[in-house]
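Have a look at the structure below, then the notes.
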Amino acid sequence: MATVELRFSALPEHVRTARLVAAAVARRAGVDEAVLDEVRLAVGEACTRAVGLHQSHEVSAPVKVVLIEEEKSFSIEVGDEAPHTVTVEDSSPEAVAADPDADADEDEMGLAVISGLVDDVEVTTGASGGQIRMSWPVSVAPVLG
């Protein structure tokens, strides 16, 4: 299992870099070429959400993106350290949008876009932050070198 970890300051201009890194690692892991745009878009939405939460809660910690290459799947975890008053362990956008600290319309829209792009999504939040975990199947042998 190979893992790549990316941390960046919670600034919108760094979201593009996260998207590019995610697409490159996904391609190397063997994610189907037809799905790479979905990976880019989903990572962009998740990172934009994390940046927004950090900025609105004045969190100085970096946004964390972990890219995990496994034998039959490729996963991306986007984590924030913004406080959430409601702990949610439900992958539905409706459950996460119920967090009263989040800008409900923006949060719900971003999560709806992610769930429309990715079949396997898990969203968790708590007092010390939240995480969106997205997974895609690996359909071909990984690209080496």
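Consider Val43 carefully, then state whether it is more than 17 Å from Val66 (Cβ to Cβ) and touching a residue at least 24 places away in the same chain (Cβ under 8 Å).
Values: more than 17 Å from Val66 (Cβ to Cβ): no; touching a residue at least 24 places away in the same chain (Cβ under 8 Å): yes.
Against the criterion (more than 17 Å from Val66 (Cβ to Cβ) and touching a residue at least 24 places away in the same chain (Cβ under 8 Å)), Val43 does not qualify.
How many of the residues in segment 32-63 are in a loop (DSSP other than H, G, I, E, B) and either modelled with pLDDT of 95 or more or closer than 17 Å to Gly126 by Cα (or both)? It would help to see each step written out before you state the result.
Restricting attention to segment 32-63, the residues satisfying the condition of being in a loop (DSSP other than H, G, I, E, B) are 32, 57-62.
After this cut, where a residue has to be either modelled with pLDDT of 95 or more or closer than 17 Å to Gly126 by Cα (or both) as well, the list is 57-62.
Total meeting the criteria: 6.
Report, by residue number, each residue of segment 84-138 that is modelled with pLDDT of 55 or more, of a type in the set (Val, Ile, Thr), surrounded by 14 or more Cβ atoms within 10 Å (Cβ to Cβ) and in a loop (DSSP other than H, G, I, E, B).
Pass one, segment 84-138, residues modelled with pLDDT of 55 or more: 84-85, 104-138.
Next, only the ones that are of a type in the set (Val, Ile, Thr) stay: 85, 113-114, 118, 121, 123-125, 132, 138.
Checking the rest, the ones that are also surrounded by 14 or more Cβ atoms within 10 Å (Cβ to Cβ) come to 113-114, 118, 121, 123-125, 132, 138.
Hits for segment 84-138 are Val118, Val138.
Of all residues in segment 1-37, count the ones that are closer than 14 Å to Asp80 by Cβ and among the β-branched types (Val, Ile, Thr).
Residues in segment 1-37 being closer than 14 Å to Asp80 by Cβ and among the β-branched types (Val, Ile, Thr): 1 in total.
I'm trying to understand the selection: among the residues of segment 31-71, which are more than 18 Å from Ser128 (Cα to Cα) and loosely packed, with under 15 Cβ neighbours inside 10 Å?
Of segment 31-71, the ones more than 18 Å from Ser128 (Cα to Cα) are 31-45, 48, 67-71.
Those that are more than 18 Å from Ser128 (Cα to Cα) and loosely packed, with under 15 Cβ neighbours inside 10 Å: Glu33, Ala34, Asp37, Glu70, Glu71.
For Ala10, work out the one condition from (1) surrounded by fewer than 19 Cβ atoms within 10 Å (Cβ to Cβ); (2) not in a helix (DSSP H, G or I); (3) not aromatic (Phe, Trp, Tyr) it doesn't fulfil.
All conditions are met except number (1).
Could you go through segment 41-51 and let me know if any residue there is among the hydroxyl-bearing types (Ser, Thr, Tyr) and touching a Lys or Arg at 6+ places or on another chain (Cβ under 9 Å).
Within segment 41-51, the subset among the hydroxyl-bearing types (Ser, Thr, Tyr) is 48.
Going one step further and asking which of them are touching a Lys or Arg at 6+ places or on another chain (Cβ under 9 Å), we end up with none.
Scanning segment 41-51 turns up no residue that is among the hydroxyl-bearing types (Ser, Thr, Tyr) and touching a Lys or Arg at 6+ places or on another chain (Cβ under 9 Å).
The values are calculated or read from the model by the stated rules, or taken from the named source; none is laboratory data. Only a predicted model underlies this, so the values are computations on that prediction, with no experimental measurement involved. Glycine gets a Cβ as well: all are built from the backbone with ideal geometry, and neighbour counts include every protein chain shown.
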